[in-house]
Structure formats: C-alpha cells, structure tokens
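The values are calculated or read from the model by the stated rules, or taken from the named source; none is laboratory data. Given the structure is predicted, the values throughout are model-derived calculations rather than measurements. Counting neighbours? That spans all protein chains shown, and the Cβs are built from the backbone with ideal geometry, glycine included.
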Amino acid sequence: MAQELQFAPYMQSSIGAAVASTAPDLLPTLSPRLVLSGPEGRQVPVDPPETGLQMLGPEGVIGIDPRHILRMEPAPGSTDTEPNYLACIEFDAPELPWLFTPARADRGRLRPWLALVVLERAEHQVQPGRPLPFVDADPVRLPDPASSWAWAHVQRPAGRTGPLISRLLCPRRLAAGTPYVACLVPAFEGGRVAGLTDGGQIVDARGDAWAVGGGVVRLPVYHHWEFTTGTAGDFEQLASAVVPLKAEEVAALGGVTVDVTEPWRHGEPLRTSDGSSGRQTIVVQGVLSLHTPPEDTVDPAAVQDFMSRVAAQIDRGAEDDVTLPLYGGHHLVKRTIDPSESGWPADLNLWPERRIPAALGAEWVRENQEFLMARAWEQVGSVREANRLRSRAAFCSEVASSVHRRDVGTLSPAELVRLAASADDRIRTSSGLPLRTEIAVSPAPTALAEPALHRQVLRSRGPVARRTGARPGTYVARSLGGELVPPVPTPLLTAPETTEPLAGEDSDDLAARVGSALRGDDARRAGRLLRVLSAVAVSAEANGFADQARTLTSVVAGPVLRMVAGQGEETADGTAAEAMPTARLLTLERAFTPDNVAPLTGELAQRFGEMVQGGMLTMPALHQVLPQDAVADDPGSRLLEAGVPVDQAALGERLAAALEPGPLLAARLRHLAEPAPGFLAAETTAPTDPVMAGPAFPAPLALALKERWPDWFLPGSATIPDNRAVLLKANPEFIAAFMVGVNDEFNREMRWREYPTDLRGTSFTQFWPRTDGVADTPPIHTWAPDGALGSHLAAGAGGLDVLLIRGPLVRRYPDMTVAALPPEARRQPDLAESTWKRPVMVLGLDEQTAAYAFELPESDVHDWWFVLAENAQRVRFGFDTPETQAAQAEEGTFVEQPAPPWSDLNWSVVDAGRGFAEIDGRVLPAAGTPAPVIAGQWNAAEVANMALQRPFRVVRSARSLIGDP
C-alpha cells in the first residue's frame with residue numbers, strides 16, 4: 001500500500017501563487033501578470049493597476065460544507081484507537097487546506113489556513129455559538145502554529161492517474177484510555193475572529209489564531225468528532241510482543257489428570273500389577289493437544305483390569321440391566337463387547353480416556369434434550385401422516401394378499417385370463433407386454449382380451465354356456481391352444497430339432513418377398529410389421545422359445561435400432577437407441593419413411609433365411625407371413641394369424657403374479673407418501689414399514705463443547721499468559737468419541753420420546769465451524785468396526801494444526817491476517833502472499849484468545865512458518881513506541897526485511913517534551929531516502945513519508961511454536 005502512494009507538500013491555486021509575500025498577512029496584495037489575446041492570436045501583456053489586487057483570506061470564511069470531508073481518523077465514535085497514531089481529516093478538494101492562505105510557498109513549505117487540534121473531551125466541550133460553535137482551549141494543548149506546514153499534504157496514487165485528496169494531521173501524542181474531541185479550526189487570527197463575529201463584516205486581524213505561550217483562546221469550530229483511545233500498542237507493537245510459550249507454561253497444557261481408581265461409586269478399587277490397590281491416574285488430552293504429549297505412566301495391569309470390568313458392566317446391559325452404555329452399539333447393532341476386541345468400538349468403550357469424551361457428548365444431549373427434541377419435531381414434518389398411510393397400506397396389503405391366495409391363486413390359466421381381461425390394458429405381466437398384446441400374438445383371437453366378450457358371450461349363464469353346457473373357461477383354454485380358429489398349416493415358431501430345406505427358395509426370391517412386405521411406398525405397413533415382430537420376440541421369450549426370441553431380437557431390433565442410432569436420435573427418456581430392448585419398438589414414437597425402411601429389406605431377408613436354415617422358423621409359415629402378392633395383404637396381420645404357441649401354465653403364473661396386490665399397493669403408497677431426503681430406513685424394510693426419520697443438526701459442536709467445558713476443549717487454557725502463541729494439533733480420537741456419544745445419546749432420547757427413528761441415525765455430523773460446510777463425521781453405521789477410532793472422520797477434521805494466539809493483539813485486531821508459509825516460500829525475500837496457506841477456520845476461545853486451524857502436511861509441519869500480518873486498508877500516520885522496537889529484538893521474531901526508510905522513528909525521537917511531534921532539527925535523513933535531503937529542510941511530503949504507518953507483518957517458525965529445539 002505504501003508503495004502505491006505519493007505525497008505533495010501543498011497545492012495552491014494560481015491566485016495564491018501570485019501573492020507577493022511569503023509571510024501570512026491580512027488582505028495581501030497580488031502581483032499578477034495579465035496577458036490578453038491580440039489580433040491573429042498574438043498575446044499582448046497588460047500591466048496591472050498601480051493599486052494592485054487584494055486576495056480574500058480566511059477572514060471571509062464562516063463555515064465549510066461537510067460534504068467536502070471524505071474521512072476522519074480515528075473513526076467517529078471509536079473506542080479502542082491506538083494512542084501512538086495521529087488524528088487526521090481528509091478532503092476531496094486537494095487545494096482546500098491552502099485555498100485561503102494569505103501567502104505563497106517558501107522553500108516548498110506553505111502553511112494551511114486550517115488546523116486540526118485534538119483536545120481532552122473531559123476538559124473541552126464544543127459549545128454552540130454564532131456563526132460557528134466554539135471551544136475554549138489552553139495553548140498548551142495546541143500544536144505550534146509555526147510548524148503547521150508539516151502536517152498538511154496532498155496524496156495521489158504513485159505512477160498512475162487517480163483522485164487527489166488533501167489531508168490535515170494533528171501532531172499531538174495521545175494518551176491511552178482517554179476520550180478526545182477532534183476539532184477543525186482556523187489557523188489564522190482573521191479566520192478565528194470571523195468565526196466568532198456575527199457582524200458579517202471583514203475584520204482587520206493579523207497573525208496566528210493562538211500563541212504557544214499565550215492564555216486560553218476561544219476557537220471557532222468548522223467540524224468536530226469524538227473518539228476514545230485504548231490501551232497502548234499498535235499492531236506492530238502487539239504482534240512483535242507475541243512469543244512462544246515457555247517450557248514451564250507448556251506443561252500446563254498437557255491434559256486433564258483423571259483418577260480411575262474407583263470408576264463407579266460401589267465396587268472394589270482397581271488393582272495394580274503387584275496386586276495391591278492404590279490410586280491410578282491417567283492424563284486425558286482435550287480437543288486440542290500438544291504435538292508432543294506427556295508420557296503415560298499408568299500401570300498397564302490397572303488399565304487391563306479397568307477394561308475387563310467395563311466390559312462386564314456393558315454385558316449386564318445386554319440383560320436389560322441399567323448399567324454402562326455401549327456407545328455406538330445401536331449404530332452397529334451390537335450389545336456386548338469383549339476386552340480382547342480391536343477396532344473403534346473397543347477403543348471407545350473400554351479405554352477410560354475415550355469413554356470420557358463420549359460421556360461428555362451424552363451429557364450435553366441430556367442438558368439440552370428439550371431444545372433438541374423441539375427442533376427434531378419441527379423437522380419431521382409429514383412423517384406421521386406418511387406412517388399412518390403406511391400402516392393402512394400394510395393392513396390392506398395383508399388382507400388383499402390373503403384374498404389373492406384364496407380366490408386368485410387357485411384359478412386356472414383360462415379363468416385368470418377371464419379375470420384379467422376385465423382390467424383391459426392395465427394388466428402387464430412379467431414379460432413386459434400388456435395382456436391384450438400377448439393374446440394378439442398368440443393363436444387365440446384378439447377379442448379374447450376384450451372385457452365385452454366375457455361379459456356378454458362367455459359369461460356363466462350366457463348364450464354359449466346355455467347351448468353347449470360347457471364352462472366358459474373351456475373356450476378360453478381351447479382358444480389359447482388354437483383349436484377354435486382356422487388351423488395354421490405350420491406353426492410360426494418350432495423347436496430347432498430338424499433343419500427344413502429352403503424347398504427351392506433362393507435368397508433373391510426371399511428378398512423379393514421381404515421387399516414386398518416392406519413396401520417402400522407404404523412405410524406405415526412396414527412399421528407395423530416391425531412392431532409386431534418385436535412383440536412376437538417378447539412373447540416367444542415368455543412362452544419358452546428362448547432361442548427363437550434371441551434370433552428375432554437380432555433380426556428386428558438390431559437393424560432398426562442401428563438405423564435410429566445412425567440418425568443420432570434418442571428415446572423419450574433420453575436412453576441411447578442402441579440400448580433399447582426389443583419391447584421398446586412397441587412404443588417407439590417414430591414415423592417410418594420409405595427412405596429409412598428401404599435399406600432394411602436386404603438385411604431382414606438375410607436374417608429370415610438364417611432362421612429358416614437354423615430350423616427356428618418354418619418356410620411354410622414364412623410364406624404365409626410374406627406372400628408373393630402382398631399388395632392387398634398386411635404382413636403384420638398375417639403374422640398375428642400365425643401366432644406364437646402359448647404356454648398356458650406359464651401364462652397363468654404370470655397373470656397371478658401381475659394380480660398380486662402387494663406391489664400395486666406399494667406403488668400407490670409411494671405416490672401418496674414419498675419420504676423426503678434425509679429419512680433413514682433399514683435396507684431390508686418393506687415399503688409399508690414405518691419411515692425412520694433422522695433429523696439433521698448442522699451446528700458445529702466444537703462451539704458447544706468450548707462453551708460448556710472449556711477445560712476439555714484445551715486443558716489448561718486459562719493458565720496461558722498474554723502475548724503467547726503455541727502450535728497445537730486436533731485430537732481425532734477425542735473428536736470421534738465425542739461425536740459418537742452425542743449421536744448415541746440423542747438416538748436414545750428420540751426413541752424414549754417415540755420419535756420415528758431406528759437408533760442408527762447420525763443427526764450431528766459437524767464438529768468444526770468450517771466455512772466450506774463439509775461434514776466432519778460420516779454416518780456412524782458405515783464405520784468399519786475394525787478401523788481405529790478417529791480414522792473415519794472426514795479429511796481434515798482430525799488432522800488440523802491449530803495456531804493458538806492469546807493477548808491484546810487478538811482483541812484489538814480480530815480481522816488480522818494469519819497464514820502459514822511453506823518452507824520454500826520463507827526463503828523468498830518478498831514473502832509473496834500467493835504462497836500463503838489460509839486457515840480453514842478461526843475459532844475464538846475468548847475475547848483475547850483465537851485458534852487458527854490449518855491443514856498442513858504432517859511430514860514437514862515443523863519446517864513451516866506462520867505470518868501475522870496487519871489487515872490494514874486505511875492510510876494512517878503515527879510513530880512507534882520504544883517498546884515496539886524492544887519487542888522486535890526478542891529472539892525468534894522475524895520482521896520482514898528490508899525495512900522502509902525512517903522505520904526506526906518513535907515518539908522518543910520526535911517528541912521534544914510538549915507532547916507534539918517535531919521534525920526540524922530532530923530527524924536526520926534515513927538510509928535509503930529516495931533523494932538527497934538536507935536535515936532541517938523537510939517539506940510536508942517528506943514528513944508524511946516519515947509518519948506513514950505501513951502494514952506490518954511478523955513471521956515465526958512452527959518449530960519454535962511447537963517447542964522443538
């Protein structure tokens with residue numbers, strides 16, 4: 001930011017530059033040189049009048065339009081301002097601070113006619129007045145008017161076009177924790193008098209508005225605002241003061257010591273390896289733990305005794321005793337556990353340091369059970385209504401199935417045909433064809449599938465039954481067998497037992513017959529034939545002619561579907577044409593044209609010849625289907641007359657299955673009550689079983705754990721001193737155990753409240769407050785039982801490296817930039833921000849403590865560096881304190897190099913004792929100054945560069961933050 005700014009010491013209009021005197025005076029005389037345009041564009045100089053012109057100075061100003069003010073620093077109403085910074089005010093008109101100055105510049109210096117003063121609010125109140133409000137100030141609290149030239153400048157972007165602004169600074173050093181009022185006042189006596197006089201006349205007043213050694217002065221106020229300073233220290237000072245934890249301070253973060261001598265109130269204490277009883281303590285790590293945890297000194301025999309007794313207590317729960325819970329048992333449908341087991345269920349339930357976080361999760365659910373259940377019932381929505389419909393459907397399905405077994409399952413195939421015919425085309429068997437189509441491609445008449453035939457002709461007391469005395473089912477059975485229609489000389493499909501010769505039929509004659517059937521001038525007839533052939537292929541498969549069905553499929557579906565695919569078309573549901581089964585030709589909505597049907601005749605003739613040669617299609621039947629003269633005949637109709645022999649027993653089974661009420665009721669139920677996403681049900685449940693609902697709670701539980709048990713989030717966090725930093729890591733075992741405990745207990749609570757759940761749901765999946773919304777915990781019932789505890793967490797949930805910073809830096813700069821720097825980027829001189837790794841989340845522990853979580857490679861995390869950078873977009877001015885430079889000298893702090901010019905300036909150098917910054921005679925040219933500058937001849941632009949506070953950043957190594965040597 002600092003490299004993008006450029007400063008100028010002043011900006012004065014041409015009228016001001018024409019003032020003869022360099023000393024401010026009232027009504028100064030101008031000495032302009034006037035030039036008039038003469039004939040033919042010539043310029044003619046004109047001498048000014050002998051009396052001269054006079055300039056109107058600050059004595060003619062009684063107010064400033066506040067719309068010219070762009071920004072005030074510190075911001076009005078702020079309560080935590082850095083006391084080492086300077087107050088300032090900016091204007092959109094770059095010449096405004098010098099517009100009414102009654103003088104011209106001298107050696108690059110020009111005093112502004114305005115001044116910014118900062119006064120203690122408790123002692124100085126802005127009072128109303130006419131024409132301007134005023135404030136009474138002691139000159140001791142005011143800057144020296146003679147040096148006002150140093151604290152006004154013009155700013156513009158360096159090397160590019162952009163808006164110019166002007167700025168006034170107040171060089172006063174502010175005190176910490178003090179309320180102030182900043183006032184924009186006139187710098188000359190003429191402006192002061194004009195602002196206090198309501199006469200509307202220009203007064204004759206000379207000199208400065210106040211004198212350093214004078215008495216209390218009343219100053220008119222053009223504009224004012226209030227702010228309060230905070231504690232001492234800016235970002236540079238506070239960031240430089242942050243150091244790693246000391247060795248004795250790290251020991252306090254080792255964990256929580258837990259006595260496991262008597263894990264339950266009644267019972268014998270644990271036994272040590274020598275058989276004696278005694279105190280046994282373990283150290284339990286929290287959510288955040290040290291990279292090098294303390295050594296475990298617990299007696300292995302005592303731990304094994306603990307595990308055996310816990311397993312025995314859990315086994316009692318399998319006998320319906322009230323005892324220790326088996327965390328995660330319902331998710332894995334498990335009620336007991338053996339001490340010799342391995343995997344996450346044993347790690348969680350038998351190891352004391354794992355049962356503790358699970359118990360914490362269960363306790364949190366019990367404390368918030370009313371709130372959680374209220375939110376769960378809000379999510380269940382229409383599940384109750386869906387379960388009511390499912391219960392009704394289950395009852396109806398059971399009754400209908402009983403009726404079906406008793407009254408439908410005992411019917412003969414002919415009776416089933418009569419029963420199914422009343423449903424018209426709604427009956428579709430397992431072949432995929434409607435009953436009407438199956439009858440159409442059989443030897444039976446198509447009318448056999450008409451409901452009217454059975455209601456009017458073949459009813460029990462109808463005309464046929466009265467005349468013949470036969471049962472109606474007899475006619476149906478004989479019709480399916482082809483006995484009541486003109487006999488077919490040769491069936492269309494036969495078993496390939498013998499190969500019948502072509503009987504003199506050559507391929508050309510066969511092609512002619514096929515071409516006659518697929519007449520090029522009647523594509524509709526060709527399309528009908530192809531559809532009928534596809535129905536014959538499906539019916540042949542259903543009636544036991546598998547080989548013929550496959551051959552017919554290749555004969556019909558292959559050429560037609562390749563033709564469709566060649567034109568790049570798709571079916572209505574988007575399925576590629578090559579993938580369509582033969583039955584889809586029955587519903588293929590396509591207009592057959594002579595152009596696309598004609599190329600099929602040759603291929604179909606060849607395929608029919610192959611079927612005849614293979615004994616699957618008889619030549620006489622083919623002659624019936626494809627007569628020599630097909631002008632008046634429809635080959636599709638002839639093919640239907642030939643028909644496919646029907647296996648009546650198989651047809652009866654298919655019809656009985658199609659009339660089964662269970663699938664029909666389930667389909668109707670799915671239409672009426674489809675469960676919303678997020679509801680759980682066992683994989684083996686029937687559609688009529690109750691919906692098992694699993695509510696979702698995306699709230700991050702790390703925040704709940706931090707608020708309820710901060711010592712378990714980071715044990716010993718309260719003992720961390722201010723201005724400390726430490727690199728920790730996430731504890732995946734603790735996180736996984738806590739999440740299992742929460743979900744297990746909440747499922748129990750839902751079952752107790754009669755919530756529709758199957759005890760396997762994972763309602764809480766989020767532990768960290770991640771900005772990407774990734775779930776940290778996959779569904780627990782999907783965890784492999786032999787996996788280690790914590791290994792099932794999502795990527796990054798248990799492998800985070802957490803930089804913890806505590807101190808005033810976090811409180812004052814909560815939006816500071818904290819980033820991880822890879823080892824190779826650390827060697828680059830500019831520390832390019834493109835190489836920084838940003839934190840995946842920031843978690844505030846309290847107002848002075850923040851945790852920044854990173855996903856870093858575990859192999860080389862010790863070689864990384866961490867950057868603390870000021871997130872400053874505002875231009876601010878001020879000087880460092882001596883404490884800042886002392887903090888930067890501490891071992892382990894790396895400040896970005898090279899340092900900018902005058903970076904070592906602090907208040908001890910520029911303050912001469914009055915509490916105001918003074919530059920002349922106190923500041924020498926700094927190394928690296930762009931141009932040679934003589935001490936004591938500064939201008940306002942150079943002063944602005946001295947006081948400009950550039951964004952600061954400090955870098956620390958991960959090795960020092962971990963505590964490695």
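Observations on the model:
- Residue that is modelled with the lowest pLDDT [pool: residues in region 349-405 that are outside any helix (DSSP H, G or I) and more than 17 Å from Thr757 (Cβ to Cβ)]: Trp351
- Of all residues in region 752-779 being over 15 Å from the mean Cα position of the chain (by Cα) and on the phi > 0 side of the Ramachandran plot, the one that is surrounded by the most Cβ atoms within 10 Å (Cβ to Cβ): Leu759
- Where Asn731 falls short, out of the listed (1) modelled with pLDDT of 90 or more; (2) out of contact with any Gly (no Cβ under 7 Å at 6 or more places or on another chain): (2)
- Here the condition is being at pLDDT below 95, assigned to a strand (DSSP E or B) and farther than 25 Å from Ala795 by Cβ; of Ala718, Ala725, it holds for Ala725 alone.
- Selection status of Val140, under 17 Å from Ala917 (Cα atoms), among the β-branched types (Val, Ile, Thr), part of a strand (DSSP E or B) and touching a residue at least 40 places away in the same chain (Cβ under 8 Å): no
- Ala346 within 16 Å of Asn743 (Cα to Cα) and modelled with pLDDT of 85 or more: no
- Condition check for Thr771: among the β-branched types (Val, Ile, Thr) and within 14 Å of Gly694 (Cβ to Cβ): no
- Checked against (1) outside any loop (DSSP other than H, G, I, E, B); (2) at pLDDT below 80; (3) in the same structural domain as Thr835 (by TED's automatic domain parsing), Ala853 passes all but condition (2).
- Ile720 being over 30 Å from the mean Cα position of the chain (by Cα) and buried (at least 20 other Cβ atoms within 10 Å of the Cβ): yes
- In region 355-372, the residues that are without any contact (Cβ under 8 Å) to a residue 40 or more places away in the chain and basic (Lys, Arg) never reach a residue that is surrounded by fewer than 21 Cβ atoms within 10 Å (Cβ to Cβ) and assigned to a helix (DSSP H, G or I) with C-beta atoms less than 8 angstrom apart, at least six apart or across chains.
- You will find that of Ala150, Ala93, the residue that is among the aliphatic types (A, V, I, L, M) and surrounded by fewer than 21 Cβ atoms within 10 Å (Cβ to Cβ) is Ala93 and no other.
Matching residues to (1) in a helix (DSSP H, G or I); (2) more than 42 Å from the chain's Cα centre (by Cα); (3) polar (S, T, N, Q); (4) at pLDDT below 80:
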position	(1), (2), (3), (4)
Thr231	no, no, yes, no
Val250	yes, no, no, no
Thr261	no, yes, yes, yes
Pro269	no, yes, no, yes
Ser273	no, yes, yes, yes
Arg279	no, yes, no, yes
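- Subset of region 802-850 [farther than 22 Å from Pro951 by Cβ, out of contact with any Gly (no Cβ under 9 Å at 6 or more places or on another chain) and either assigned to a strand (DSSP E or B) or among the hydrophobic types (A, V, I, L, M, F, W, C) (or both)]: Val802, Leu804, Arg806, Met841, Leu843, Gly844, Leu845, Asp846
- Selection status of Arg173, under 26 Å from Ser908 (Cβ atoms), at pLDDT 90 or above and touching a Gly at 6+ places or on another chain (Cβ under 6 Å): yes
- Picking from residues in region 435-452 that are closer than 21 Å to Ala656 by Cβ and among the hydroxyl-bearing types (Ser, Thr, Tyr), the one that is surrounded by the most Cβ atoms within 10 Å (Cβ to Cβ) is Ser442.
- Complete set of residues in region 96-118 that are under 13 Å from His153 (Cβ atoms) and surrounded by fewer than 19 Cβ atoms within 10 Å (Cβ to Cβ): Gly108, Arg109
- Residues of region 102-133 that turn out to be of a type outside the set (Gly, Ala, Ser) and either in the same structural domain as Asn939 (by TED's automatic domain parsing) or over 20 Å from Val212 (Cβ atoms) (or both), as a count: 14
- Among residues that are free of Cβ contacts under 8 Å to residues at least 12 places away in the same chain, at negative phi and surrounded by fewer than 17 Cβ atoms within 10 Å (Cβ to Cβ), Thr782 is included.
- Inspection of region 737-746 finds no residue satisfying the criterion of being small (Gly, Ala, Ser) and assigned to a loop (DSSP other than H, G, I, E, B).
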